[in-house]
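Enquirer: One structure coming up, written as structure tokens, with questions to follow.
Values in this text are rule-based calculations from the coordinates and carry no lab data. None of these values were measured; they are calculated from a predicted model. Because the Cβ atoms are built from the backbone with ideal geometry, glycine has one as well, and the counts that use them run over all protein chains shown.
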Amino acid sequence: MPSNKEYLIFVLEQLTDLDGISYRGMMGEYILYFRGKVIGGIYDNRLLVKPVPSAIALTPKVTYGSPYAGAKALLLVDDIDNKKFLCDLFRSMYDELPAPKKKKSVSEK
């Protein structure tokens with residue numbers, strides 16, 4: 001079941017205190033970026049983030065979910081109504097996220 005745009009908009013509104021939040025639609029779901037790094041996504045109207053140690057430490061009830069069959073498990077964020085928690089969660093995760101991969105130029109292909 002694809003995620004609806006209203007859920008995406010709600011999550012983005014909860015993150016308005018952060019600079020550098022962006023998203024990209026992909027097959028009915030949404031990949032979320034924070035300052036250029038993939039932080040997680042919205043899948044089946046659920047916010048899932050990468051299970052880095054800081055995210056696990058900040059999450060009172062650790063629950064994992066899979067964005068789709070065969071994918072690595074991500075951390076399910078239940079408390080999306082708490083704007084401060086979400087912003088603190090994203091800020092704490094940033095340094096633990098991998099840097100974006102560089103795209104190959106036409107000459108390298």
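Enquirer: What is the set of long-range amide H partners of residue 43 at a cut-off below 5 Å, with H atoms built 1.01 Å from backbone N?
Expert: Residues meeting the criterion, in which the H sits 1.01 Å from N, are 48.
Enquirer: About its Cα centre, how strong a charge dipole does the chain have in debye, to the nearest 20, once Lys and Arg get +1 and Asp and Glu get -1 at the Cβ?
Expert: Values: 16 positive and 13 negative charges, 130 e Å.
Magnitude of the dipole: close to 620 debye.
Enquirer: Ranked highest first by average number of other Cβ atoms within 10 Å, how do 87-97, 71-81, 42-52 line up?
Expert: Details: 87-97: 16.7, 71-81: 15.2, 42-52: 20.1.
Top to bottom by mean Cβ count within 10 Å: 42-52, 87-97, 71-81.
Enquirer: Hey, in the GNM for the chain with a 10 angstrom Cα cutoff, which one of 40, 25, 70 fluctuates hardest?
Expert: Greatest mean-square fluctuation among the candidates belongs to 70.
Enquirer: Now a separate question. Computed from these coordinates, which is Cα extents along the principal axes in Å: [x] 47, 32, 27; [y] 65, 28, 16; [z] 50, 44, 32?
Expert: [x]
Enquirer: Among 62, 20, 8, which residue has its Cα furthest toward the positive end of the charge dipole of the stretch 5-108, with +1 on Lys/Arg Cβ and -1 on Asp/Glu Cβ?
Expert: Positive-most Cα among the choices belongs to 20.
Enquirer: Another question, if that's okay. If the limit is 25 Å between Cα atoms, which of 5/102; 37/103; 50/102; 37/72; 5/83 go over it?
Expert: 5/102
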